[in-house]
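Just so it is clear, none of the values below were taken in a lab; they were calculated from the coordinates. Everything numeric here is computed off the predicted structure, so don't read it as measured data. A quick note on method: Cβ atoms are made from the backbone with ideal geometry, for glycine too, and the neighbour counts reach across all protein chains shown.
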There are 2 protein chains.
Amino acid sequence: MADYRVPREDMQFLLQDVFKVDQDWARYPALADVDMEMATAIIDEAAKLAETLLAPNARAADEEGVHFNDGEVTTPANYKEHFQQLAAGGWVGVTANPEFGGMGLPKVVSAQYEEMLCAADISFSLYPGLTAGAIIALDAYASDELKELYLPRMTAGEWTGTMCLTEPHAGTDLGIIRSKAIPQEDGSFAISGTKIFITGGEHDLVENIVHLVLAKLPDAPAGSKGISLFLVPKFIPNADGSLGERNGVSCGSIEHKMGIHASATCVMNFDGAKGWLIGEPHQGLPAMFTMMNYERLGVGIQGLGAAARSYQTALEYAQDRIQGRGAKATRDMTKEADALIVHGDVRRMLLTMKAFVEGGRAFSTYVGQQLDTAKYSEDAEEKARAEALVALLTPIAKAFLTDTGFEATVLGQQVLGGHGFVREWGQEQLVRDCRIAQIYEGTNGIQALDLLGRKVAGSRGQLLTPLLEDIQALLAAPEAELAKEYEQLGAAVKRVTQVTELVLTQVGSGDENVINSVAVEYLHLLGYVTYGYLWLRMAKTAQPLLSERPYLASKVKTAKFYMARLLPRVESLAAAIEDGSQSLYLHELGDF
Amino acid sequence: MADYRVPREDMQFLLQDVFKVDQDWARYPALADVDMEMATAIIDEAAKLAETLLAPNARAADEEGVHFNDGEVTTPANYKEHFQQLAAGGWVGVTANPEFGGMGLPKVVSAQYEEMLCAADISFSLYPGLTAGAIIALDAYASDELKELYLPRMTAGEWTGTMCLTEPHAGTDLGIIRSKAIPQEDGSFAISGTKIFITGGEHDLVENIVHLVLAKLPDAPAGSKGISLFLVPKFIPNADGSLGERNGVSCGSIEHKMGIHASATCVMNFDGAKGWLIGEPHQGLPAMFTMMNYERLGVGIQGLGAAARSYQTALEYAQDRIQGRGAKATRDMTKEADALIVHGDVRRMLLTMKAFVEGGRAFSTYVGQQLDTAKYSEDAEEKARAEALVALLTPIAKAFLTDTGFEATVLGQQVLGGHGFVREWGQEQLVRDCRIAQIYEGTNGIQALDLLGRKVAGSRGQLLTPLLEDIQALLAAPEAELAKEYEQLGAAVKRVTQVTELVLTQVGSGDENVINSVAVEYLHLLGYVTYGYLWLRMAKTAQPLLSERPYLASKVKTAKFYMARLLPRVESLAAAIEDGSQSLYLHELGDF
C-alpha cells in the first residue's frame, strides 16, 4: 500500500483562494479567534495523525477485523491506542461546543480533517465520526442536566456515541419501527427492542457508549410522527460521571460485511434499558435528523476520502509502472517500455479520478462554508440563504460524493490491473470500504428523493435559487481562457431549468410516481452541474495566480477535461429524466 | 442467499425464436445430430447441476477460500466432488472435439451452460473454464502426438489446464516477458521463469495440471514477435498416460484477493521445467489468442452470470420486503407498508439490471451463433462474414458484458440496502466476484483498444459493416408498436457512423493518441447500440407471439425501457469521443 500524503496545498488553495473563508471568520464573532494561520496549523497537526498513525494501520485492521465473543467486541490491534491518542488531542470534539470542551472549529476546516481521516481508514473514522454526530444532536436537543453529564465526556472522547434507527423489518421506513419506550416513575423510560446495523454499537475503545435510540411511546401516533428519541448509555453514569450499573442493552452479534471490516456493525438488543427522552415526545425524527444531516456530509466525505487515497496510489503506480509504448514523442527507448501514464486510457482514468476528487473537495468545502454561515452568521438574510443552500446541497453531498467516490475507487483499481484486485496495494479495500457510503445514512436513492421531492418539488423549485444565483454570478464574468467551458456550463444549467420545470409540471398534473422515477438522475444532473461550477470557479481563481504558483495550471487543465469529458453526462441524464415515470411503470408485477 | 433458478424459458426463447439456431444446425453437417429437443435436454441437465450442486455451495466456498501450505493448494469443501461429478457428466468438454471425447456442442448452447455455471459460482467455473480454453488451443496448434496424449484426459476432466502469461513486470505488455525456453536434445524445452496471477495454477481437484506457458527461445526477436507457446505438465505423463515424474514447476504462493476467493490464483515458478513447443517458434501469441478469444467470451459471460444471479435475488427481495408507501393506486393498506417494487427508483434499478441481463444473454447468444457459423458453416462467404463479426464483437463481449454486469451487481446490492452489504444474501459476493472479470484476460481498456484500434481503425471502418448490416436489416422493417424506439436506434446508429468517421480522420491526420483516448467510450457506444438492436429484435420477435405466450409482453416493455432510459447514454459517450485526445493531453507529467 502506498503511503498517504494529505493534499495540504489543495486544501489551502480552496480555503484561502477559492472560498476566502478567512473573510467569513473575520465577520463572525464566534469565530473571531480563527484565522488562516491557525487553520493551517490544525490541518498540519491532523495530517500527521492521518499519515503516520492511522493510514499505515488500515490494511492490517481490515484483515484482522473486529472480533465478537459472547457480547464483547474487540477492535483490531492499535485501534484503542490510536483512538485514545486522537481523543487526547481533542480531535473527537473538533466542531463541538467549546462550552463542553470542544474545539469549536468551523466546518470548512473540519471537512478537511474528516477527509484525511477517511482517506487514512474509513473504519476507524466511524468511531469518532458518529460520536461527533451524537454530540451535535445532544447539544441541540438534550436537557441541560444530560448535556452537562454527557457532553464533556463525549467531547473528550472518553465515551463514544451511536445512532440506533434501523430494525430488522424497518430501514428506510422508520415509521414502522417497533421499539418501545415505557415511562418510569423517576422520569426515565424503559426501552425495549432490537436495532440492527448499529455502527460502533459495542467495542473496547472506551469505557462507555451512549446510544441515541428511536422508539415509540405508548401513546404514539402511527407512522413517522410517533417516533421519539432517547439517550441510552451502556453504563448508567452516576451524578459525578463515574460509571454505575450496566444498563439493559447488549450486543447480540456483529455483521460480516463486504468492507469496513474494522468497524463493529452490531445487532443491539434493548431489554428494558434505562433511557432518557431527548427533545419533545414524538419529535424524535427532527432531532435525529440534526445528527443525520451532520453525518450525511460526513458520509459524503467518506467517498471523497477513499477516492483521494485511491487516486494517489493509482497516480504513483501509473508513473512508476512501465508497460507498452506511448506515442512516438513520449517514448523512452532507454527503458523496455513507457510509464503507464503516457497512455490515453490511463490518463482518462486518472483525470476522471482527479476531477472527482478535487471537485469533491471543493464541493465539501463549499457545503462546509454554507454550514458555517448558517451557524455563525449574524446577518439574518445571509443565514437564511445559507440554510437554504445547505438543505439543497446536503443530499447531493451525501450521494454524489459517494457515487463519484465509488466510481473513482473502481477506476483506481482498474489502473493497477490485476494488482488492483489483490490486497497488496490497498486499492480493493478502498472499493469495499467506499461502497457502504452509498448505502447507509439513507441510501443514495433516498437522498435523491429528499432532493427532488422534499427540497425541489416541495419548494416548487424555489430552493434551487441560491445555487443558480451562485452559478449565474460566475457565468456573468467569463474568463477569456475558458470561454468555451463557460458556454458549456451555461448550456448545462439551462438543461437543469428545463427538466425541473418538466418534472414540476408532471407533479402538478398528478403523476405520483414521477419524483421517485427520476430522482437519482436528477441528483446526478445537479451534481455534475455543481461540480462544473466549482471547476470553473477553481480555474478562474487559479488563472491570475499562475505566474506565482505554476502548479495551479493543473486546475485550468483539469477544468477543461471535466467540461469536455464528464459534464456531457448531463445530456444522458436529462434525456432519462424527460422519460418521467413512463417506461418504469409499463411492467406489471408479473412482468419482471 | 436466495436459490438460483436457471432462466430456461428465456434461453429457449433466444435459441428458438430470436436466433432460430436450429435452422443453422440443420445446414451444418457437423451439427446434424443437434436439434432443439436435444439442446433443451442438455440445458435442463446442466441447470440441475448449477441449481442443486454448485449454487448452494458458493457462499461457503467464498468464506472458506483456498488454502496454501508449502506448495500445495487445497480448494474449499465439496469442490473436488463437484468437479468430479461435472467431469463424469462430460461437462468439461462441452464444446470440445468429439474425436477426443468432447460433446462437440454448438457455442450457442454452451454459452447458456457457461452462464449457469458463472451464476452459480464464478470461482468454481474457472477450473473447467480454463481447461476448455486450453483444450481449444491444443486442438488447434499441438502436434498429433501431444493431442493424443493430453486431449482425451483434459476433455474428460481428469487433468485441468491453465494459461501462464503474466509475469511480475509484464501484464498487458507481453512483449517484455523474461521466461526462457532452452531447447533440449530430446526435442523438448527447459522452461524457466516466474508467472503470476495463474488461475488454477495449483489445486487438489485432479491429479495433473497442464500449463500453457509463454516463453522466449534463445534466438527470439525482441518484443511480442518473439514469444513462443509451450505445454508444461505438472507431472510428466508416460506414453500410456499414467503419471511419471514431477516436473520442475511449483506454486510459490497464492494471492489474497477482493473476490473469487475459492479460485486459486497462483504464483508459478518454472525451474528448468520440461515443456513442449505448441505451434511454430515465435508464434506463441496467435496460438494463445485462440485460447484468449474463447476465454474472452467466457469472461464476458462471467459478468452476465453474476448479474443474472444478482437480479433474481434483488427481484425476490423487492417483491417480499415491504417498506414505505407507493402511489395511491398501488397501496396495500392491509399491510403496514408496500413492497419495494412499487417504488420508482427500485423499478429503475431492477429494470436496468433486467435490461442488461436479458440484453447480455441475447448478446452472448448472438456472438455464440457467429462463432458457430464461423466454425461449422460450409459456405465460404457466410463463414468469412461470421469471422468478421466475431472479431468485432469479441472485445465488446468481454468488456461490455462485464462492465454492465458489474453495474448490475452493484445495483442488485443497492436494492437490498444494508442487507446488500452483508454476506447473508450473497449480493456483495457477486460484486466482488464480478469485479475481476473487468480486469483479467486483457483489461477492458485493452479490449477497447483492440476494438477501436486493431479492428475498426485497422480495417478503416470496414469491420463494422456486418454489424451495421444486421442492424439496418432490422430497421428496414419497423414494428408499428415500436415506431419511436426504431427511430431512436436509427439515430444512435448515425452517431456511431459519425464518430467513427471523426476518429478515422483524426488517425489519418497523425494523432497517435486519439485511439487510446476514446476507445473505452467507443466500445461502450457500440455496446449500447448493439444491445438496442438486440432489444428491438427480441421485442419484434415477441410481438406476434404475445397471444400464445403472454409473458413475452415483458420483452416489449423492457425494450421500451431500454430505449428510453439506457440508450440515451450514447449521447454522453459520443460527446466524449468528439473531444478526441485533446483534453487528456493538456497535462504535463507534473500536472497530475
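Things worth noting here:
- Karplus-based coupling profile of region B:455-460, in residue order and whole Hz: 7, 6, 5, x, 9, 6, with θ = phi - 60° in 6.51 cos²θ - 1.76 cosθ + 1.60 and x standing for Gly or Pro.
- The phi-based Karplus calculation (6.51 cos²θ - 1.76 cosθ + 1.60; θ = phi - 60°) puts the 3J(HN,Hα) values of region A:198-205 at 8, 5, x, x, 8, 5, 10, 6 Hz, whole numbers, x for Gly and Pro.
- Anchor B:K494: aspartates and glutamates whose Cα lies under 15 Å away (excluding residues fewer than 8 positions away in-chain): B:E469, B:D470, B:E485, B:E571, B:E578
- Region A:245-292 shape via C-alpha gyration tensor axes, a/c threshold 1.5: oblate
- Three-way shape call for chain A based on the alpha-carbon gyration tensor, with the a/c threshold at 1.5: prolate
- Residues B:I122, A:I515, A:I43, sorted so that the one with the fewest Cβ neighbours within 10 Å comes first: A:I43, A:I515, B:I122
- Other protein chain C-beta atoms within 10 Å of residue C-beta, averaged over A:435-447: 4.
- Inter-copy label distances for B:R331: 7.1 nm (label point placed 7 Å from Cα along Cα→Cβ; shortest first).
- Potential extension, B:M38-B:Q184 segment - 0.36 nm per residue separation minus Cα distance: 47.7 nm
- In order along region B:264-277, the Karplus-derived 3J(HN,Hα) couplings, from 6.51 cos²θ - 1.76 cosθ + 1.60 at θ = phi - 60°, round to 7, 9, 10, 8, 10, 9, 9, 10, x, 5, 6, x, 10, 5 Hz, and Gly and Pro are given as x.
- Evaluated at q = 0.11 Å⁻¹: base-10 log I(q)/I(0), Debye formula over Cα of region A:443-583: -0.44
- Label geometry 7 Å along the beta-carbon vector: A:E382 inter-copy distances in nm: 7.9
- The mean count of C-beta atoms from other chains within 10 Å of the C-beta of residues in A:508-517, rounded to a whole number, is 4.
- Under 5 Å, built H, 5+ apart or other chain: amide partners of A:D204: A:T75
- Per-residue ellipticity at 222 nm, computed for chain B from helices alone with -39500 (n - 2.57) per DSSP H run of at least four residues, works out to -16500 deg cm²/dmol.
- Kyte-Doolittle at least -0.5, axis length at least 20 Å by Cα - qualifying DSSP helices, chain A: A:122-141, A:284-320, A:344-376, A:380-415, A:483-508, A:514-542
- By the compact-protein rule of thumb, 2.2 N^0.38 Å, the alpha-carbon radius of gyration of region A:244-384 corresponds to a ratio of 1.71.
- For residues of B:327-337, the mean tally of beta carbons on other chains within 10 Å: 3
- Pairs with C-alpha atoms separated by more than 26 Å, drawn from the list A:K180/B:K335; B:K383/B:K455; A:K234/B:K257; B:K375/B:K560; B:K180/B:K225, are A:K234/B:K257; B:K375/B:K560.
- Sorted shortest first, the separations between the A:E63 label point and its copies elsewhere in the assembly read 2.2 nm; each point sits 7 Å from Cα along the Cα-to-Cβ line.
- Exposure proxy ranking, count of Cβ atoms within 10 Å, fewest first, for A:R423, A:R309, A:R495, A:R435: A:R423, A:R495, A:R435, A:R309
- Ascending count of other beta-carbon atoms within 10 Å, so fewest first, for B:C251, B:C266, B:C434: B:C251, B:C266, B:C434
- Residues whose amide H lies under 5 Å from that of A:S253, counting only those 5 or more places away or on a different chain, are A:V267; hydrogens are built 1.01 Å from N in the peptide plane.
- Rounded Å value of the spacing that divides the Cα centres of region A:522-592 and region A:358-397: 20 Å
- Amide H contacts under 5 Å for B:W159: B:M154, restricted to partners 5 or more places along the chain or on a different chain, H placed in the peptide plane at 1.01 Å from N.
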